[in-house]
Amino acid sequence: EAKAEQHVIVTRSLSSCEFSLFRSIAPQSPKASIAMRAVDKPLPAASLVKEDGVFYQTGFGNAFETEAIEGALPRGRNNPRLVPYNLYTEQLSGSAFTSPRHMNRRTWLYRIQPGVVGSSNHFVQCSGRNASFGGGSSDADLQADPNPMRWKPMPFCNEGTTTFVSGMTMLMSSGSPATKFGLAVYMYSFDRDMEEDHIYNSDGDFLIVPQVGSLLILTELGKLIVHPKEICVIPRGIVFSVHKLSPTDPPTRGYILEVFAGHFQLPELGPIGSNGLANARDFLHPTAWCISQQEEYNKKCTIYNKFGGKLFQRESPHSPYNVVAWHGTYAPFKYDLDRFCAINSVTYDHLDPSIYTVLTCPGPVPGEALADFVIFPHRVMATDSDTFRPPWFHRNTMTEFMGLIEGGYDAKNGFEAGGASLHSCMTPHGPDTKSYEAAVADLCESPTKFEGGLAFMFETTCQLELTEYARTCEYRDLEYAQCWSGLEDTFTGWDLLQTDGSDGQSEE
């Protein structure tokens, strides 16, 4: 039997987003003709997926590489003297050079013109509402308030003039971009595309949660199409613009979490094992894409820069979408929340919501995150008949901001899709009266599947201060705390607590 050596050669053409596999087998092998017939047609790349007509690279924390023109990506070195196609080399560093290897994030860009072109037209601070990004208040206007709060859905803009940038409204924040620690929470609604406007965030990473309306997000590194029930993360420094998926779509709405420190990562699984929650292979990163027509590329546009909580702008002589190839570990990504693999109790008790963590941005104290992104997905509740299945009453050292993407929430009546709630550090909260009474009466005789909605939580170790807008907007639910007013004193042991009036101990 021939022991011929088999050589496998893989060539890639990312312009067609296909892999071609050629197997060279020694002629004396009887299997040669079969093998060659098996690879007559190009094979799709296993690490590439196509959604909505857009190709993505799969994984989380990978070292990705992609090119819009075959051969544009240099081989064997990062910054050659002569770059293919006369491109310019630019490195984008998302972490310090000396960050530990597992935390180090950087990407090499090979672009038609470097980012410094046009920078002689200096950034100037925007005026009016956009002087403070997202309509954010100055530090003097931010106020702490320990009361439980809830907001009804943010009204849609409908005048045809509001873009993603002008439609972002800050609700609350903590810390400062200047110290690179803290976070901010926004709502957004827009009805006009960022046709000639682009933005990058020098202050931190954006986690975007669409609630109504699909988004087309153009970035330096490629395209993302993000639907409700999906999320995307745009890291610090990456230029992007946000559009409705179709120009005729109605206004959009959603939520945004901004973190001023570090980057989002997958939570540790501990004794859960090596699988579960958000699996790394389900995260999608863009493939290289750039403006293809020189005339369109050379149109002037506006570049916005969120810097120090303020919004600055400058004119660029060309489009920022001129990256023909890139490789590295620092890139935007999206994730489909329906792919989350939920973990739950199958014996007794309602477990801590941390088991539903999708992404985390660690804080300085181990286990106390600067921000956790947690969802409450469709899931089976299979606890025994003596378990109170909804969330319990709670006081938490962490601060909890909740939003609702669709449907309802199993512990609150009146919590509407598109609305939000805030329960700050050590503020009591829990199921409302109707939900509590219904859960106590439920005999829980068999497993049930919750499919009634999709809620999420931004949880943080920080105490959040509210903007004037959040405190006074017309859609704040000022009667929210009344949802617990029906929790009466039903204690049946008062007579057993009778004392002799001396030491407070029971007479018995």
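The values are calculated or read from the model by the stated rules, or taken from the named source; none is laboratory data. For clarity, every value in this text was computed on a predicted model and none was experimentally measured. With ideal geometry, Cβ positions are generated from the backbone for all residues, glycine too; neighbour counts draw on all protein chains shown. Note: areas computed on protein heavy atoms with side chains; ligands, DNA, RNA excluded. Shrake-Rupley method; radii C 1.70, N 1.55, O 1.52, S 1.80 Å.
Overview of results
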| item | result |
| --- | --- |
| Among the candidates D495, D442, D489, residue that is open to solvent by 60 Å² or more (accessible area, probe 1.4 Å), touching a residue at least 40 places away in the same chain (Cβ under 8 Å) and out of contact with any Cys (no Cβ under 6 Å at 6 or more places or on another chain) | D442 |
| Tally, over segment 410-429, of residues that are surrounded by fewer than 18 Cβ atoms within 10 Å (Cβ to Cβ) and either within 30 Å of E368 (Cβ to Cβ) or modelled with pLDDT of 95 or more (or both) | 5 |
| Segment 427-441, residues that are outside any loop (DSSP other than H, G, I, E, B) and under 19 Å from M381 (Cβ atoms) | K434, S435, Y436, E437, A438, A439, V440, A441 |
| Verdict on I256 being open to solvent by less than 10 Å² (accessible area, probe 1.4 Å) and in a loop (DSSP other than H, G, I, E, B) | no |
| Top-ranked residue of segment 187-229 - restricted to ones that are within 26 Å of E67 (Cβ to Cβ) and acidic (D, E), ranked as surrounded by the fewest Cβ atoms within 10 Å (Cβ to Cβ) | D205 |
| Among residues of segment 410-468, those that are of a type in the set (V, I, T) and in contact with a helix residue (DSSP H, G or I) (Cβ under 8 Å, 6 or more places away or on another chain), counted | 2 |
| Failed item in (1) closer than 27 Å to G262 by Cβ; (2) open to solvent by 10 Å² or more (accessible area, probe 1.4 Å), with N147 passing the rest | (1) |
| Residue in segment 222-239 that is in contact (Cβ under 8 Å) with a residue 60 or more places away in the chain and among the acidic types (D, E) present | yes |
| Pairs with Cβ under 7 Å, 6+ apart, first in segment 83-102 and on the phi > 0 side of the Ramachandran plot, second assigned to a loop (DSSP other than H, G, I, E, B) and small (G, A, S) | Y85/A72 |
| L277 of a type in the set (A, V, I, L, M), on the phi < 0 side of the Ramachandran plot and at pLDDT 95 or above | no |
| Residue ranges of strands (runs of 3 or more DSSP E) in segment 314-404 with at least 3 members within 26 Å of the chain's Cα centre (by Cα) | 323-328, 333-336, 357-361, 371-376 |
